[in-house]
Amino acid sequence: MTQDQSARIPVMQAVGLKKHYGHVVALDDADFELAQGEILAVVGDNGAGKSTLIKALTGAVIPDEGDVYLDGRKVHFKSPLNARLAGIETVYQELAVATQLNIAQNLYLGREVRKSGIAGTVFRQLDKKLMRNQAAEHMRNLGIRIQSINQKVETLSGGQRQAVAVARAAAWGRKVVVLDEPTAALGVRETGQVLDLIRRVKDQGLSVILISHSMPDVFAIADRIHIHRLGHRAAVVSPKSTSRSDVVAVMTGALEPEAVQSALIAPPRAA
Amino acid sequence: MPEPELASTAAGSDAGAAAAGPVPAVASVWSGSTLRELFSYPITGPLFALVVIVLVFSLTTSTFLNAGNLSLILQQSVVVGTLALGQTLVILVSGIDLANGAIMVLATVVIGSYAAHGDPVTALLLGLVVCVAAASLNGLAVTRFRLPPFIATLGMFTILTAAARLYSQSRSFPINSDLITVLGTGPSIGTITITYGSMLWIVLTIVLGYALTQSAWGVRVYAIGNSPIAARLNGINVNAMIFGVYGLAGVFYAFGAWQALGRTPIADPSGYQIANLDSITAVVIGGTSLFGGRGGVAGTFVGALIVVVLKNGLTQAGIDSLYQQIATGFLVMLAVGVDQFLGRGRRA
């Protein structure tokens, strides 16, 4: 572990998360850490508890035990809305775009801006021009090229739609953007474009949690890899020092977590 | 870092011709996707249909095309047209309201029975309360109890139709109040009468059209009908919005009741039995999608006119009213068929 890494305070951290559904243990004393400005991939077999972990971090699930910290401060998210207000945006696996609305309307959905003055306060009129201009500028900053900000999302390809969803999260997430399988439904070329976009989101200073089944994607853009197994964190590794096959081996239990080089920032807790 | 080229993989899977750069203009004008685009703009199709129907009746009958008859058509449209405004809202959020006619009739009976002895303003306000309460019950059934809108409002339709007859003991109430019948009157020049009801219908259409296209509420109505999941994930309280939409539709049904008493100053519990279907017809012919999230009140305005022009014109041509119903039925099926065609691929 380098000096530089240990000096960083995790933007998000979780300690000892537990969640039971009846007899099923979805989270079993799970830890988590996300460094400022990194792309952290979360990988794990089906049923390892990845999605429960992410839900516990974003307020969609309230853990039975354990604590979540944001910028070193303990937080208690009661709903996804709490997490959003705290600066955490999530792009869900189901494409969360309204296809009949245009790109600008999608970026501002639920956060529409009204005109100033009487037009806005009394007549509730939207400031469409402002929203269009800002949406167009935001898309440009992220390097997403589209024909027109007024295009209905239904006219966009799958990759472009995903780009709109990611752009929306980047626009409103002040600290953390969570991406749940963002390339699962995409072809090779569009996958590459979305991965480029995720790098740009990181370049804007946001921290990214990337849940993915795709090892090529993970190794292409992740700074670190959180391997989840049996309801808790088995290991955190760097894609630079750990091979793809070793990551899969730890994921499936074929290899002991101690056998790979740890890329943890915080010192591991005493058991 | 290379620019991601998201734009170059444009526009859906089929027939990318329209999107891909300089295509000879002549060739592209009538290409499938251009035609599709033209007719997917909600109002073009209905307006085109209305013009064709008007032309046909103007050429085939001598009595259709004159100012008096045209102003009559407007008057004949107001009840269905006003109900259809509420229906449009409900259908935009992927619902349907089979009870709106029954709600309106119950309101007319309540207004009529109260106005027989009481103050007309109070009577109208009672009508409003009845409409909003009944429409909100629809909303409650759909959101809180998760009933399919078709079933929930079918139940309400049956219940309220019977309730109106029980309440009135199947009697009709003649209306003697000028205020309650005012919407059937208005300034006239010769054979043309533009009733206050016609004006009200136009104003209500404009107000609702403004709200749907210019406000955040409107954007959210479309978003909910288009993709309730996306709306919810963006922090919109979908159930509260849908409940509100049903309740607001009730306000339009109340205006419909007032319009109905202006048209015919008798509150008849067995009147307007297929007003619900007529209103759905107007909405669908007007280009609003039964899938939700697509369409609008301008189309509904035209749709209501089409329904009435068809009836009026066929009457002028001396054709039996049963054939009129057959014609309307075909038109609905055609409109829904077009909607299905346009809807293909949008639900991917």
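Exceedance of the 24 Å cut-off in Cα-Cα distance is limited, within the set A:K19/A:K50; A:K55/A:K128; A:K19/A:K78, to A:K55/A:K128.
Taking the longest Cα principal axis of chain B as reference, the axis of helix B:238-263 is set at about 50 degrees. Each of B:V105, B:V207 has some number of other Cβ atoms within 10 Å of its Cβ, and from fewest to most they run B:V207, B:V105. Listed by Cβ neighbour count within 10 Å, with the fewest neighbours leading, A:R244, A:R168 appear as A:R244, A:R168.
Axis of helix B:216-226 versus longest Cα principal axis of chain B: the two differ by about 70°, to the nearest ten degrees. Inter-chain neighbour count for A:135-148: the average number of beta-carbon atoms from partner chains within 10 Å of each residue's beta-carbon is 2. State which helices in chain A qualify, where a helix is a whole DSSP H run, it must extend 15 Å or more along its own axis by its Cα atoms, and its mean Kyte-Doolittle hydropathy must be at least -1.0. Going by DSSP H runs, the hits are A:158-172, A:188-203. Think of chain A as having a plus end and a minus end, set by charges on the Cβ of Lys, Arg, Asp and Glu; of A:V248, A:L95, A:H20, A:L95 sits farthest toward the positive end of this dipole.
Phi angles of the range B:168-181 translate, via the Karplus equation with coefficients 6.51, -1.76, 1.60 and θ = phi - 60°, into HN-Hα couplings of 8, 6, 6, 8, 9, 10, x, 9, 10, 8, 5, 5, 6, 9 Hz per residue; Gly and Pro are given as x. For peptide B:209-219, the mean count of partner chain Cβ atoms within 10 Å of a residue's Cβ comes to 5. Calculated mean residue ellipticity, 222 nm, chain A: -9500 deg cm²/dmol, from DSSP H runs (n ≥ 4) at -39500 (n - 2.57) each, averaged per residue and rounded to 500.
Take every pair of alpha-carbon atoms less than 8 Å apart whose residues are at least six positions apart; their mean separation over the length of chain B yields a relative contact order of 29 percent.
Each of the peptides A:182-191, B:165-174 was scored by the mean count of other Cβ atoms within 10 Å over its residues; in descending order, highest first, they stand as A:182-191, B:165-174. Between beta-carbons, use under 12 Å as the cut-off and find the net charge around A:G110, counting Lys and Arg +1, Asp and Glu -1. Neighbour charge sum, excluding A:G110 itself: +3.
Taking every DSSP helix (H) stretch of at least 4 residues in chain B, weighting each as -39,500 (n - 2.57) and dividing the sum by the residue count yields a mean residue ellipticity at 222 nm of -22500 deg cm²/dmol. Axis angle, to the nearest 10 degrees, between helix B:67-92 and the longest C-alpha principal axis of chain B: 70 degrees. Remind me, relative contact order of chain A in percent, using alpha carbon pairs under 8 angstrom and six or more residues apart? For chain A, the relative contact order is 25 percent. Within the set of other residues whose C-beta is less than 14 Å from the C-beta of B:V238, count the net charge using Lys and Arg as +1 and Asp and Glu as -1. Its environment carries a net charge of +4. About the centre of its Cα atoms, the protein assembly as shown shows a dipole size close to 640 debye [charges on the beta carbon of Lys, Arg (+1) and Asp, Glu (-1) only; nearest 20 debye].
Shape verdict for the range B:62-339, please, from the Cα gyration tensor: rounded (a/c under 1.5), prolate (a/b greater than b/c) or oblate. Taking the square roots of the gyration eigenvalues as a ≥ b ≥ c, the range B:62-339 is oblate.
As a rough footprinting exposure proxy, the listed residues A:Y21, A:Y92, B:Y210, B:Y253 were ranked by other beta carbons within 10 Å of their own, and the order from fewest upward is A:Y21, B:Y210, A:Y92, B:Y253.
Summing +1 for each Lys or Arg and -1 for each Asp or Glu among the other residues whose beta-carbon sits under 14 angstrom from that of A:Y92 gives +2.
Only the coordinates and a few stated rules stand behind these numbers; no lab work does. The shown structure was predicted, so the numbers you read here are calculated from the model rather than taken from an experiment. Note: ideal-geometry Cβ built from the backbone for every residue, glycine included; neighbour counts use all protein chains shown.
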